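What follows draws every value from the coordinates through simple rules; no lab data is involved. Nothing here was measured: the structure is a model prediction, and the numbers come from that model. Cβ coordinates were reconstructed from backbone atoms using ideal geometry, including for glycine residues, and neighbour counts include every protein chain displayed.
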Amino acid sequence: MEEGRRLSPSGGGASAGFPWSNDASAVLWHSTPVKKQNAGASLDASQPAAPSGFKVDNVAPRWAVNTPPIPAAPLCGSQVTEFPVIDPSGSAVQRLRRELQLLMAELKDRDRELNAMAASHHRQLHAWERDRQKVLSLEQRCARLDEELQKRNEVIRVLTKRVWGVESRKEEVQKELSATQQKLCELEHKQQNISQQCQDFEEKNQSLSSTLMALSTKVGSLQVREEELSSMLKLKDKDVTEASGHVDDLTARLRDLETTVTESSSRESELLRDSEENKRRCKESRREVTHLKEELQQQVTQSSSQREEIIRLKQELQLLHRDLACSVRTGGGASARTAARSEPRTPDVWGTPPLRRRPASRARRTVTRGSSLRAPLTETIRSAAVLCSSCWTSPGGSRVQQAAAAPCTAPGSPL
């Protein structure tokens, strides 16, 4: 995510210029416009094959300048050494061709950089989409849990009302039961009193007879019991001392437990405060996410407009390349013919006839025509280079801009 944030503000429209926020199945964009097979067939048939150095990409369409080599005069080596041909237009065309080759190589490198930046941006969009889906699923889950909680609260309310009704009924039944129980108790009490009086009289008769026997046996048993109780008292004293020690240990443990309880209560309060802080941060992060979505949409719109402008400029550059190829072809042939005509008509050693002279005014006309066509081409190439250097700024953007500005500021360069 940090790499995407560094690329998006520096690249401006380059990193966010591909409409992948709405269509995730989009392919990588190539800077070269795709030619149709039917429309490009006639053009390829009419023009000669381009040199191997002008190929921008094996997959992308070929839009290099098709410039055939300048035909040389059929002269032998001795005549060339004796009569050298001065052709400034041919050297200028070759220099322009080399500069165009350098520009095409630079455009190829920048196209690769754009594809890499687009791929990274595509991955960032996929990661952002996964995070957004997770957030949406969590929100839906929270909504479901809230609904279930509300339903359960309603069920609890209904059950509490029922429990209150049952408790009120139970209290009434208990009151009635207590009243009946009191009546039964009174009747039983009366019956017990009557039966007790009868039993008392019978027991008094029996007790008087048995007391005499019991008193005699009781005296002996009391003596034995007294000895047993004295021994038990001694044992109880020992147990009391041990119990007092246990009580002291338990009081110490209770104090320790009270301290742990106070610590746990303080920790619980801290956890509650942390949970409230986390909720607040969650709300702030949601606000930031919405703000970032709006900024991303604005950048996508800006990059789409810049992408259309770049495509338009590249199409104009392609048309100018074709015009230049045609003008160079016509101008090169005319200059060669004028040079051949300017030489003297001397017989060739190998039997070749001498070339005819051609008026110099026609050669000058062809040279001025080539220079007039070259001036708007240089201005267009310079504007395209400035626009590409402003759009393709990356972490190594300074070196890219220097490479783009190097052909324009080189000594002896027509650009």
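Mind checking which of Phe201, Gln140, Val93 is farthest towards the positive end of region 91-210's charge dipole, using Cβ charges of +1 (Lys, Arg) and -1 (Asp, Glu) about the Cα centre?
It is Val93.
Can you give the FRET efficiency to the nearest 0.05 for Ser178 and Leu149, using r as the Cβ-Cβ distance and R₀ = 30 Å?
Efficiency, from the Cβ-Cβ distance: 0.10.
Quick check: Cα centre of region 313-333 to Cα centre of region 276-298, how many Å?
When both Cα centres are located, 53 Å separates them.
Net charge within 13 Å of Arg267 by Cβ-Cβ distance, Lys/Arg positive one each and Asp/Glu negative one each, not counting Arg267 itself?
With Lys, Arg at +1 and Asp, Glu at -1, the net is -3.
Using the number of other C-beta atoms within 10 angstrom as an exposure proxy, rank Glu309, Glu167 with the fewest first.
Placing the least packed residue first, the sequence is Glu167, Glu309.
Along the Cα→Cβ direction, 7 angstrom out, place labels at Ser269 and Leu313. What is the inter-label distance in nm?
Modelled inter-label distance: 6.6 nm.
Give me the Å³ per residue figure for the convex hull around the C-alpha atoms of region 211-286.
135 Å³
Kindly write out, for region 116-133 in residue order, the coupling ³J(HN,Hα) from the Karplus curve 6.51 cos²θ - 1.76 cosθ + 1.60 (θ = phi - 60°), rounded to whole Hz, with x marking Gly and Pro.
Those phi angles translate into 5, 5, 5, 5, 4, 5, 4, 5, 5, 5, 4, 4, 5, 5, 5, 4, 5, 5 Hz.
Using +1 at the Cβ of each Lys and Arg and -1 at the Cβ of each Asp and Glu in region 152-292, identify which of Val158, Ala243, Gln182 lies farthest towards the dipole's positive end.
Checking the options against the dipole of region 152-292, the answer is Val158.
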